[in-house]
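The values are calculated or read from the model by the stated rules, or taken from the named source; none is laboratory data. Please read these numbers as outputs of a predicted model, since none were measured by experiment. Cβ: placed from backbone, ideal geometry, glycine included. Neighbour counts: every protein chain shown. We work out accessible area using only protein heavy atoms, side chains counted, and drop any ligands, DNA or RNA first. Shrake-Rupley method; radii C 1.70, N 1.55, O 1.52, S 1.80 Å.
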Amino acid sequence: MNSSIVWMIVGMGIATYLPRMLPLVVFQKVQFPPFLQGVLKNVPFAILGALIFPGILFIQDDIWFGMLGAVIAFLLAYIGANVIIVVIGSIFVLSIVSYLLAVF
Amino acid sequence: MEATAVHRPLHQFKLGLQAGVSIAIGYMPIALTYGFLAKTTGLTLSETLLMSLLVYAGAAQYMALDMIAKQIGVIEIIFTTFIVNIRHLLMAASLNEKVESDRPVKKALYAFGITDETFSVAAVEKGKLTTGYMFGLTIIAYLSWVCFSGLGFVVGASLPDIFQEGMSVALYAMFIGLLVPSMKANIKVVFLAVVAALFNCLFVFLEVLSSGWAIVLSTLLSALLVELIVWLKSEYGGSTS
C-alpha cells in the first residue's frame, strides 16, 4: 500500500467520523428548547426531499429516465408497497425501459 | 424481572437487521461501481477496501477517487471530505433526540454507521430507537458496502449495462419509499420535503454551493421555515388544523 494514500484514507475517516459521533456523544445530557427540538424532528423529512431532488433527475443523461423512476417509486409507495418492493419494482421497470430503448 | 420479547436486545438487533436489508440492496450497485472505479483510478485492492472500511461514505469516496486521479493534495481531499460529510452533524443531532440513552461508548460505536440511508430509515421509525436496533441497522448496511466494494474491484463492470442503468435508481427509490408513507399520514411532511427539494434544486441549478452544502442548507431552511409557520399558526391562528 502507498503510505500517502493510507494517511489520506485515515484522515478522510476521521473527517467523516467526527460529525457522525460528536452530537450523539456530546449532546447526551443537553435538553434543547422545544422549538429547536421541533426543527430537529423536521430534519429527516426535509433531508429526504433534498436527497431525492434534483439528484434523481441526473441518474442518466436523459432527465425523463429519472423522472419516470421517481413516478414509479412514488406510485408503488403510495399504494402501500414495502420499501424493498418499491426499490426492486423501480429497478425492474427502468431496466425494461432501458432494454427497450436499446433494442428499438 | 424478565424483559418482554419486544424489548430484548437480540430481538431489537434482528429488527434493525431487517430494516437494513433494503439499504444493503441499495448499496450494492454504488459499492460495486466504487470498487470498479477505484481499480481504474489505480488503487490496490487493499486500499480500496481500507477506504470503504474507514471512511464509509459514498459521495466522499467517489470524490476522493476523482481528486486522486487529478493529483490533488491530501489535505484538500481530507478537507473536502469533511465539507461533504458535514451534513451528518445535522443527522446525528436529529437522531440524538430519538435514540434511547446509553453509554457514550456504544453510541460512539454505532455513530460510525450513520449515513444518509441508515439515518433516513431510523428517523422514520415510530417511537424511541434502541441501541440494539441501531447496531443491527448499521452493521448490515456497513457489511454490504465493504463487501460489494471489494467485489466491484474484483469483477469490474461485468454487470450487464441494462441492469446498471436500472440499478442507478435504487437509492432514490428507497428514499421515496421511506418518505411517502409519512407524507400520507401528515401534511406537514409533504411541505417539509417539497420545500427542501425546491431549495436544493435552486442551489444546484444556480451552482452557488457544493452539493453537500446545498443539501445541508436546503434541509435547515425547510425544517426552520415549516416549524416557524406551525409555531405562528398555533400562536395566532389556533382555528386551523
Based solely on its DSSP helices, what 222 nm [θ] is calculated for chain A when runs of n ≥ 4 H residues each add -39,500 (n - 2.57) and the sum is averaged over all residues, nearest 500 deg cm²/dmol?
-26500 deg cm²/dmol
Relative to a virtual label point 7 Å from the Cα of B:Glu235 in the Cα→beta-carbon direction, which members of region A:37-52 show backbone nitrogen distances below 18 Å?
A:37-40
At 7 Å along Cα-to-Cβ for each site, give me the label-to-label distance between B:Lys184 and A:Ala102 in nm.
3.4 nm
Compute the Rg/Rh shape ratio of region B:5-168: radius of gyration over Kirkwood radius, all on alpha-carbon atoms.
1.00
Short version: what are the Cα gyration tensor semi-axes of the protein assembly as shown, square root of 5 times each eigenvalue, largest first, in whole Å?
30, 25, 21
On a 1.4 Å probe surface of the protein chains, which of A:Ile14, A:Ile72 comes out largest in accessible area, and what is the full order?
A:Ile14, A:Ile72
Residues whose modelled amide H sits under 5 Å from the amide H of B:Leu129, counting only those 5 or more places away in sequence or on another chain, are B:Val99, B:Glu100
Between A:Ile59 and residues 5 or more places away or on another chain, the pairs with built amide H atoms under 5 Å apart involve A:Gly66
Which of rounded, prolate or oblate describes chain A when judged by the alpha-carbon gyration tensor and an a/c cut-off of 1.5?
oblate
A correct Karplus calculation of ³J(HN,Hα) over region B:22-30, with 6.51 cos²θ - 1.76 cosθ + 1.60, θ = phi - 60°, whole Hz and x for Gly and Pro, returns 5, 5, 4, 5, x, 6, 3, x, 5
Can you pull the percent of the protein assembly as shown's accessible area that's carbon plus sulfur, 1.4 Å probe, other chains left in place?
72 percent
Which of the aspartates and glutamates could be linked to A:Lys41 by a straight reach, that is with a Cα gap under 14 Å, when you skip same-chain ones fewer than 8 residues away?
B:Glu97, B:Glu125, B:Glu227
For a quick check, take a GNM of chain A with Cα springs below 10 Å and name the residue from A:Val87, A:Val25, A:Val71 with the largest mean-square fluctuation.
A:Val25
Cross-link pairs B:Lys98/B:Lys188; B:Lys107/B:Lys184; B:Lys128/B:Lys188; B:Lys14/B:Lys98; B:Lys126/B:Lys188; B:Lys106/B:Lys188 - those with Cα-Cα distance over 25 Å:
B:Lys107/B:Lys184; B:Lys106/B:Lys188
Among A:Ala50, A:Ala77, A:Ala15, which one shows the highest mean-square fluctuation when chain A is modelled as a Gaussian network with alpha-carbon springs under 10 Å?
A:Ala15
What number comes out for accessible area per residue over the protein assembly as shown if the probe is 1.4 Å? Units Å², please.
48 Å²
Shape call for region A:44-88 from the C-alpha gyration tensor, a ≥ b ≥ c root eigenvalues: rounded (a/c under 1.5), prolate (a/b greater than b/c) or oblate?
oblate
To make sure I understand the rule: partners must be lysines, Cα under 27 Å from the Cα of B:Lys70, and not fewer than 8 residues away in the same chain. Which ones qualify?
B:Lys39
Give, ordered by residue number, each residue of region B:29-76 whose 1.4 Å probe accessible area is reduced by a minimum of 20 Å² on adding the remaining protein chains to the chain alone.
B:Ser46, B:Glu47, B:Leu50, B:Met51, B:Leu54, B:Val55, B:Ile68, B:Val74
Considering every residue in B:217-230, what mean count of other chain Cβ atoms within 10 Å of its Cβ is obtained?
5
Would you work out if region B:186-241 is rounded, prolate or oblate? Take a ≥ b ≥ c from the square roots of the eigenvalues of the alpha-carbon gyration tensor; rounded if a/c is under 1.5, else prolate when a/b is larger than b/c, oblate otherwise.
prolate
Before anything else, pin down the relative contact order of region A:31-103: Cα pairs under 8 Å, at least 6 apart, normalised by residue count, whole percent.
18 percent
Below 8 Å, C-alpha to C-alpha, sequence gap of six or more: please give me the relative contact order for chain B in percent.
33 percent
With a 1.4 Å probe, how much accessible area is buried between chains B and A, both sides summed, in Å² to the nearest hundred?
6900 Å²
Can you tell me the 0 to 90 degree angle between the C-alpha axis of helix B:74-85 and the longest principal axis of chain B, rounded to 10?
30 degrees
